[in-house]
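Just below is one structure, and these are the notes that go with it.
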Amino acid sequence: MIYEPKGRAREYSPLALNIYNGCDHDCEYCYMKSLSQQAHMDKSELKANWQSQLEKSVKRFKNTDKQVLLSFSSDPYPPVEMQNRATRTTLQMLLDNKIPVAVLTKSGKLAERDIDIFKKFGKSFKFGATLTFCEEQDVKKYERGAASYADRIEMLKNLNKQGIETWASLEPVIDVKQTLQIIKDTHGFIDHYKVGKINHFKFGQGINWSYFLASAVELLESLDKMYYIKEDLAKFYDAQVKSLIGNLRPQSLDMDFLNVKPFDKSRSFI
């Protein structure tokens with residue numbers, strides 16, 4: 001079940017894990033949306049034999065130095081997680097096998113239930129949310145089943161107070177002004193950002209990506225925040241953008257620079 005993602009997904013993590021099929025968020029821009037509808041997977045369902053399959057997978061990757069992301073093609077905290085607690089079980093298995101973890105979700109405060117496990121990972125864990133809009137009417141329009149913007153940032157704020165590393169995925173970018181406002185809203189409790197664009201023609205028309213890249217980098221630098229610029233956006237780092245913002249930090253183009261640290265193999269968990 002743990003696998004090596006390919007293409008654009010690889011920029012988020014060297015390893016990934018999806019224990020659910022389908023997704024409840026019903027995001028208008030999602031590349032999985034049409035596939036999920038065709039397969040009647042517009043609600044999250046646990047994969048068949050997920051626990052036995054996961055047990056085999058974690059043994060294979062035991063003590064790996066590579067970060068595992070939960071999740072790409074589903075959300076690790078769907079509504080059904082309140083009852084089955086499968087993500088919590090998964091996290092405990094990953095912890096027991098000393099596998100570093102990054103979480104990415106659009107869900108709200110349900111994840112706070114697992115703070116006790118998050119803390120046990122130490123520096124081998126980070127928790128992130130995808131943040132596309134800061135105006136709630138757009139969240140309701142484009143991300144109908146996801147948590148509100150307010151819930152997502154409140155969750156991140158609470159986790160940050162608990163000493164847990166936090167991050168935000170700023171992709172897709174549909175409204176440049178809102179994405180820049182999200183950075184301003186959240187920089188006090190977000191440790192780093194991954195910044196992309198949108199590759200769906202329907203939503204990406206008319207956006208000046210060079211302007212967005214320059215504006216985002218200038219803002220992040222002024223706030224002294226760590227960030228990664230995804231490859232599709234980095235293509236717009238041309239001479240004009242360079243004249244405005246100077247040289248990019250080399251690590252801002254390194255997809256693995258912001259990954260969590262591997263476990264200290266001598267650590268034991270109580």
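The values are calculated or read from the model by the stated rules, or taken from the named source; none is laboratory data. The structure displayed is predicted, hence computed values, not measured ones. Cβ placement follows ideal geometry from the backbone for every residue including glycine, while neighbour counts extend to all protein chains displayed.
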> Of the residues in the range 167-198, how many are under 27 Å from Phe121 (Cα atoms) and either surrounded by fewer than 21 Cβ atoms within 10 Å (Cβ to Cβ) or not polar (S, T, N, Q) (or both)?
Replying inline: 15
> When the range 141-171 is examined, which residues are found to be among the basic types (Lys, Arg) and either within 15 Å of the chain's Cα centre (by Cα) or at pLDDT 95 or above (or both)?
Replying inline: Arg152, Lys157, Lys161
> Of all the residues that make up the range 122-144, how many are within 29 Å of Asp65 (Cα to Cα), surrounded by fewer than 22 Cβ atoms within 10 Å (Cβ to Cβ) and not small (Gly, Ala, Ser)?
Replying inline: 2
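Test of understanding: among Gly122, Gly188, which residue is of a type in the set (Gly, Ala, Ser) and closer than 30 Å to Asp232 by Cβ?
Numbers: Gly122 fails: closer than 30 Å to Asp232 by Cβ.
Exactly one of Gly122, Gly188 is of a type in the set (Gly, Ala, Ser) and closer than 30 Å to Asp232 by Cβ, namely Gly188.
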>> Conditions first: (1) within 25 Å of Leu110 (Cα to Cα); (2) surrounded by 17 or more Cβ atoms within 10 Å (Cβ to Cβ); (3) aliphatic (A, V, I, L, M). Ala150 passes all but one, so which condition is the exception?
In response: (2)
> Looking at this structure, is Phe61 aromatic (Phe, Trp, Tyr) and either over 23 Å from Phe121 (Cα atoms) or at pLDDT below 95 (or both)?
Replying inline: no
> Do we find that Phe212 is modelled with pLDDT of 95 or more and surrounded by 19 or more Cβ atoms within 10 Å (Cβ to Cβ) in this structure?
Replying inline: yes
